[in-house]
Amino acid sequence: GAVVSQHPSWVICKSGTSVKIECRSLDFQATTMFWYRQFPKQSLMLMATSNEGSKATYEQGVEKDKFLINHASLTLSTLTVTSAHPEDSSFYICSARDRGLGYEQYFGPGTRLTVT
Amino acid sequence: AQSVAQPEDQVNVAEGNPLTVKCTYSVSGNPYLFWYVQYPNRGLQFLLKYITGDNLVKGSYGFEAEFNKSQTSFHLKKPSALVSDSALYFCAVRAPQGGKLIFGQGTELSVKP
């Protein structure tokens, strides 16, 4: 089946620094990628949707200058958390979709971000 | 607007007993419905989906779900629960033309030996 990877799987960074999370579709071309945020034992909150080669569309309430999303190729999207604060600590999950796969979404394993 | 509700935050089942995790949805038109499972500190794993056709859908790990249009429900079921089924389960809905996945709140399933 279609596989989505994320790197790193966990990261600790100091407050005020930036951290980049990568999301890759390993065996298909992801025309659309999604970034979610999840708090413990809660549902996934969609942060933004990105189409390859286009600017990301952010959900209401998500700061686009803080959560920079780049989808430069059909297999790679990145989420950069800029000037991280402890409240940005969370579990970030990416998902990828391709028209050729019937619009199904495939999820990455997630990245645990801890800001100290 | 589309929405999904999982009325139970937690479901407790004894191993070997049947389990049901409930999901109801609200969507205009014919929905695409999904169930995902999440183990601690992991991403979501696809269990099954309903697109069209037979109302009873069989999925991974012995799970199945029944689509009931009149009750707008898509409950997840398994005839005999395993301790290893303990996890967080999410129901999701999406419009057929490929819009966003809308997730329910999640239901924590606990299966005790």
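For every residue, the table says whether it meets (1) of a type in the set (A, V, I, L, M, F, W, C); (2) surrounded by fewer than 20 Cβ atoms within 10 Å (Cβ to Cβ).
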{"site": "B:Leu19", "(1), (2)": "yes, no"}
{"site": "B:Cys23", "(1), (2)": "yes, no"}
{"site": "B:Gln38", "(1), (2)": "no, no"}
{"site": "B:Phe74", "(1), (2)": "yes, no"}
{"site": "B:Ala87", "(1), (2)": "yes, yes"}
{"site": "B:Ile102", "(1), (2)": "yes, no"}
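Looking across A:Ser83, A:Ser95, one residue alone is within 14 Å of chain B (Cβ to nearest Cβ) and among the hydroxyl-bearing types (Ser, Thr, Tyr). It is A:Ser95. Put simply, of A:Glu52, A:Glu104 the only residue that is charged (D, E, K, R) and out of contact with any Ser or Thr (no Cβ under 8 Å at 6 or more places or on another chain) is A:Glu104. Of all residues in the stretch A:5-51, those that are among the small types (Gly, Ala, Ser), more than 27 Å from B:Val93 (Cβ to Cβ) and within 11 Å of another protein chain (Cβ to nearest Cβ) total 1.
Residues that are within 11 Å of another protein chain (Cβ to nearest Cβ) and either small (Gly, Ala, Ser) or in contact (Cβ under 8 Å) with a residue 40 or more places away in the chain (or both): find the strands (runs of 3 or more DSSP E) completely inside the stretch B:68-113 holding 1 or more of those.
Details: elements: B:73-78, B:87-94, B:107-112.
Once the strands (runs of 3 or more DSSP E) in the stretch B:68-113 are filtered for at least 1 residues that are within 11 Å of another protein chain (Cβ to nearest Cβ) and either small (Gly, Ala, Ser) or in contact (Cβ under 8 Å) with a residue 40 or more places away in the chain (or both), what remains is B:87-94, B:107-112.
Which of the strands (runs of 3 or more DSSP E) found entirely inside the stretch A:28-116 contain at least 1 residues meeting this: touching a helix residue (DSSP H, G or I) at 6+ places or on another chain (Cβ under 8 Å) and within 15 Å of A:Trp10 (Cα to Cα)?
Numbers: elements: A:32-38, A:44-51, A:67-73, A:76-81, A:90-97, A:105-107, A:111-115.
By residue number, A:76-81, A:111-115.
Scanning the stretch B:40-64 for residues that are facing chain A (nearest Cβ under 10 Å) and under 27 Å from A:Pro40 (Cβ atoms) turns up B:Pro40, B:Asn41, B:Arg42, B:Gly43, B:Leu44, B:Gln45, B:Phe46, B:Lys49. For the stretch B:22-39, the set of residues classified as within 14 Å of another protein chain (Cβ to nearest Cβ) and not in a loop (DSSP other than H, G, I, E, B) consists of B:Tyr32, B:Leu33, B:Phe34, B:Trp35, B:Tyr36, B:Val37, B:Gln38, listed by residue number. The set of residues in the stretch A:102-116 that are within 11 Å of another protein chain (Cβ to nearest Cβ) and in contact (Cβ under 8 Å) with a residue 40 or more places away in the chain comprises A:Glu104, A:Gln105, A:Tyr106, A:Phe107, A:Gly108, A:Pro109, A:Gly110, A:Thr111, A:Arg112.
Since every read-out is calculated from the coordinates, none of them should be taken as a lab result. Note that the structure is a prediction, hence the values are computed from the model and not measured. Note that we place each Cβ from the backbone using ideal geometry, even for glycine, and neighbour counts take in every protein chain shown.
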